[in-house]
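S.K.: Sharing a structure below in C-alpha cells format, with a few things to ask.
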Amino acid sequence: MTNRRLLCAVFLIACWLVSPARLHIAAQESSSRVILITLDGARTEEMFSGLDLDVLKSTLRENQKLEDQQAYQRFWAESPEARREKLMPFFWGTLMREHGSIAGNDRLRSSVTLTNTHRFSYPGYSEILLGEAHDDVIKSNDAVQNPYTTVLEVLKSHLTLTAPQVAVFTSWNVFDAIVEHTKGSLVVNAGFEAFDSPTPQIRELSQLQMETSTPWNSVRHDAYTFRFAMDHLRRERPRVVYLALGETDDWAHDGRYDRVLETYERTDTYLKELWTWIQADPEYRGRTHMLITTDHGRGRTVDDWRNHGAKVEGAQHVWIAFVSPAMKTRGEWRDHSPLATNQIAATLAGWMGVDWRALRPAAGASIGE
Ligand SMILES: [Zn+2]
C-alpha cells in the first residue's frame, strides 16, 4: 500500500468512526437507563380489574355491611376499567395511556406466564433476573446466594459501571441473596436495613423504619424502600435501578384485602412521583426504560386469593408493563403470542445494548414492539 492509499484508508475509517448514525447509536446506548420495578404477588385480577368484590365480601364479618367499608367506597365502580383506574389512577390514566403498554389481561387474549413451576418469590425473581427458571436448584425462599450471575451484575460489568450505578432497593430482606451472585457487587438495600444519606430527612427515615414494625419480620414498609431509592436516584444518578416493593403480597397472606388495595393505590403514587422526576431530568427523560411486573400471581377464588405456590391455580398468570422509548405500543396488549417472565432479562439487557441470549442461550427472547 502506498502512503497515499494508506492515508486514504485511515481517513475513511475515521469518517466511519465519527459518522452521525454510528455516534447516535453509541450515544443512545451509553446514555440509556433502565428501571425494573416489581410488586410482589400482584394478581392480574387487581391489576386489570381493580377491587374484587367477592374477595372483599369474603373478608367481612357477619355484622359488617359492604357499603360501610372504606375500601368499597373508595375503589368500587361498575366496570373493570373504572375500578382499576380508581385503584391506580396514574398508572391507567397516564402511564399506560400515553407512555407505555401492559400485557397479561386474559379478557383481551393476552397471556404472560411464569416458566418456573414453584410460583413463589425467590424462583420468580430469579427467573426475572436470569431469564431462566432453575426449578431443581432454586426451590425455596431461603436466603441462599444466587448460584447464577444476574442480569444486573452483567449490565454492570458490560457497561463498566460502579456499584452505586447499579442499585437495588427492596422491602424484603432475601433480595440480598437473590439479586447478586457475587456478594457486594451492587448497591443493595434490602429489608430492615439502615440507609446512609447526606440528607437529614432520609437519615431520619432510616432510623424510623426500625421503629415502625410490620407484621412480618423480613419485610419493611414499602414507603421506606421507595424513598431511599428516590434519594439514591437523585444523588448517584444510577444507570440501572431495581425497586422491589413487597406489601401487595404480605397483606394478602394476612387476609387484609383492604390493605392490599391501599397498597396498590400507594404504589401508584410512587410510580407518579418517579415518572415525574424522570420527566423533569434531561439525563433521564426520553432515555429511561421502565419495566414493571410481579414475581407470581395468586389464587383466583375467595378460598385461595391469599396464597400462591405450585398447587395454586392462577398463580402462574402474571403481567408485564413496559414504558420504553424503544416501544410504540400504548395501552393493553391483545391477541398476541404468549409472553413469559423468562423474557424479561433479555428485554432489560437489550435496552442497554447487551445481547443476553448470547450469554445465556436458554433464556427467553427479548420483547419488542
Ligand atoms: Zn407470598
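The values are calculated or read from the model by the stated rules, or taken from the named source; none is laboratory data. Note that this is a predicted model, so its numbers are computed, not measured. Glycine gets a Cβ as well: all are built from the backbone with ideal geometry, and neighbour counts include every protein chain shown. For accessibility, only protein heavy atoms count, side chains too; no ligands or nucleic acids. Shrake-Rupley method; radii C 1.70, N 1.55, O 1.52, S 1.80 Å.
S.K.: Can you name the number of the only condition in (1) open to solvent by 30 Å² or more (accessible area, probe 1.4 Å); (2) closer than 27 Å to Leu339 by Cα; (3) free of Cβ contacts under 8 Å to residues at least 60 places away in the same chain; (4) within 15 Å of the ligand (Cβ to nearest atom) that Tyr122 fails?
M.R.: With (1) open to solvent by 30 Å² or more (accessible area, probe 1.4 Å); (2) closer than 27 Å to Leu339 by Cα; (3) free of Cβ contacts under 8 Å to residues at least 60 places away in the same chain; (4) within 15 Å of the ligand (Cβ to nearest atom) applied to Tyr122, the lone miss is (1).
S.K.: Any residue at all in the stretch 214-231 that's within 16 Å of the ligand (Cβ to nearest atom), aliphatic (A, V, I, L, M), under 21 Å from the mean Cα position of the chain (by Cα) and closer than 23 Å to His308 by Cβ?
M.R.: yes
S.K.: In addition: Can you find even one residue in the stretch 242-249 that is modelled with pLDDT of 95 or more, farther than 20 Å from Gly124 by Cβ and surrounded by 18 or more Cβ atoms within 10 Å (Cβ to Cβ)?
M.R.: No: zero hits.
S.K.: Kindly provide the set of residues from the stretch 314-331 that are open to solvent by 10 Å² or more (accessible area, probe 1.4 Å), within 16 Å of the ligand (Cβ to nearest atom) and not in a strand (DSSP E or B), ordered by number.
M.R.: The answer is Gln316, and nothing else.
S.K.: Could you tell me which numbered condition Thr44 fails, if it satisfies all but one of (1) of a type in the set (Ser, Thr, Tyr); (2) more than 16 Å from Gly299 (Cα to Cα); (3) crowded, with 20+ Cβ neighbours inside 10 Å?
M.R.: Against the list (1) of a type in the set (Ser, Thr, Tyr); (2) more than 16 Å from Gly299 (Cα to Cα); (3) crowded, with 20+ Cβ neighbours inside 10 Å, Thr44 comes up short only on (2).
S.K.: Across the stretch 105-114, what is the total count of residues that are open to solvent by 10 Å² or more (accessible area, probe 1.4 Å) and within 17 Å of the chain's Cα centre (by Cα)?
M.R.: Total meeting the criteria: 2.
S.K.: Go through (1) open to solvent by 10 Å² or more (accessible area, probe 1.4 Å); (2) in a helix (DSSP H, G or I); (3) in contact with a strand residue (DSSP E or B) (Cβ under 6 Å, 6 or more places away or on another chain) one by one and return the number of the condition Ile202 breaks.
M.R.: Every listed condition holds for Ile202 apart from (3).
S.K.: Within the set of pairs 6+ apart or on separate chains, which have a first residue in the stretch 246-259 that is within 17 Å of Val318 (Cα to Cα) and near the ligand (Cβ under 9 Å from one of its atoms), a second that is in a helix (DSSP H, G or I) and not polar (S, T, N, Q), and C-beta atoms under 6 Å apart?
M.R.: The qualifying pairs are Ala252/Val260.
S.K.: Consider Leu291 against the criteria (1) touching a residue at least 60 places away in the same chain (Cβ under 8 Å); (2) within 16 Å of the ligand (Cβ to nearest atom); (3) buried (at least 21 other Cβ atoms within 10 Å of the Cβ): it satisfies all of them except one. Which criterion is unmet?
M.R.: For Leu291, the failing item is (2).
S.K.: Within the stretch 205-245, track down each residue that is free of Cβ contacts under 8 Å to residues at least 40 places away in the same chain and outside any helix (DSSP H, G or I).
M.R.: Thr212, Ser213, Thr214, Pro215, Trp216, Asn217
S.K.: Which of the helices (runs of 4 or more DSSP H) contained wholly in the stretch 67-183 include at least 2 residues that are within 19 Å of Asp295 (Cβ to Cβ)?
M.R.: Passing ranges, in order: 121-130, 151-158, 175-178.
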